[in-house]
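Below is one structure; the comments refer to it alone.
The values are calculated or read from the model by the stated rules, or taken from the named source; none is laboratory data. All of these numbers come straight from a predicted model, not from anything done at the bench. Cβ atoms come from the backbone with ideal geometry, glycine included; neighbour counts cover every protein chain shown. To get the accessible areas, we keep the full protein, side chains included, count just its heavy atoms, and leave off ligands, DNA and RNA. Shrake-Rupley method; radii C 1.70, N 1.55, O 1.52, S 1.80 Å.
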Amino acid sequence: MSTSHHIIHIEPLAPRKPAVGAPCNGCGVCCLVAPCPLGVVLSGRRTGACVALRWHDGNAGLYRCGAIVEPRAVAANALPSSLSAVSVPLGFALGHLARRWVAAGVGCDSTVEVSHAGETMPHD
Ligand code: SF4
Ligand code: SF4
């Protein structure tokens, strides 16, 4: 099995990625490595960080899906300016659809292995 390595830039206060199947803690790793199907549409690409990912500061910082927490802003960013008038209804629909498309509330399904800067990378 081949293994590929990517460097991602992640907030220092982001929680460490949990094991596959554990509750999602908003570590953001999956969305920083590559967008989900919805993120592909919003980002216009299949690789790299999703443009809809949002970092939330607070007592415990975490990443959240902008399609769920800021659907109007995400819709407006994804549309050409000539279609800005539909960003409000589209954002409303996006917020509802995103919860189903990204399987919010389901355990972590990302098999990405993470090594933080200064730590030893796992062997292939
Ligand atoms: S699904 Fe997993 S990798 Fe993605 S944000 Fe949640 S915990 Fe992190
Ligand atoms: S879950 Fe949201 S932020 Fe993450 S890749 Fe999908 S659309 Fe982007």
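Quick one: would you say residue 50 is within 16 Å of ligand 1 (Cβ to nearest atom), in a loop (DSSP other than H, G, I, E, B), within 20 Å of residue 11 (Cα to Cα) and under 11 Å from the mean Cα position of the chain (by Cα)? Answer is yes for this residue.
Just one of the listed residues (3, 47) is open to solvent by 60 Å² or more (accessible area, probe 1.4 Å), farther than 18 Å from residue 91 by Cα, hydroxyl-bearing (Ser, Thr, Tyr) and modelled with pLDDT of 90 or more, and it is 47.
Here is a list: 26, 58. Which entry is open to solvent by 40 Å² or more (accessible area, probe 1.4 Å), within 29 Å of residue 114 (Cα to Cα), out of contact with any His (no Cβ under 6 Å at 6 or more places or on another chain) and in a loop (DSSP other than H, G, I, E, B)? None of the other options fit; the residue is 58. Taking the criterion of being in contact with a strand residue (DSSP E or B) (Cβ under 8 Å, 6 or more places away or on another chain) and near ligand 2 (Cβ under 9 Å from one of its atoms), would at least one residue in region 72-84 satisfy it? No: region 72-84 contains no residue that is in contact with a strand residue (DSSP E or B) (Cβ under 8 Å, 6 or more places away or on another chain) and near ligand 2 (Cβ under 9 Å from one of its atoms).
In region 33-44, the residues that are in contact (Cβ under 8 Å) with a residue 60 or more places away in the chain reach residues that are more than 8 Å from ligand 2 (Cβ to nearest atom) and not in a loop (DSSP other than H, G, I, E, B) with C-beta atoms within less than 9 angstrom, at least six apart or across chains, in these pairs: 38/94; 38/97.
Among the listed residues 30, 36, which satisfies the condition of being within 8 Å of ligand 2 (Cβ to nearest atom) and farther than 24 Å from residue 88 by Cβ? Exactly one of 30, 36 is within 8 Å of ligand 2 (Cβ to nearest atom) and farther than 24 Å from residue 88 by Cβ, namely 30.
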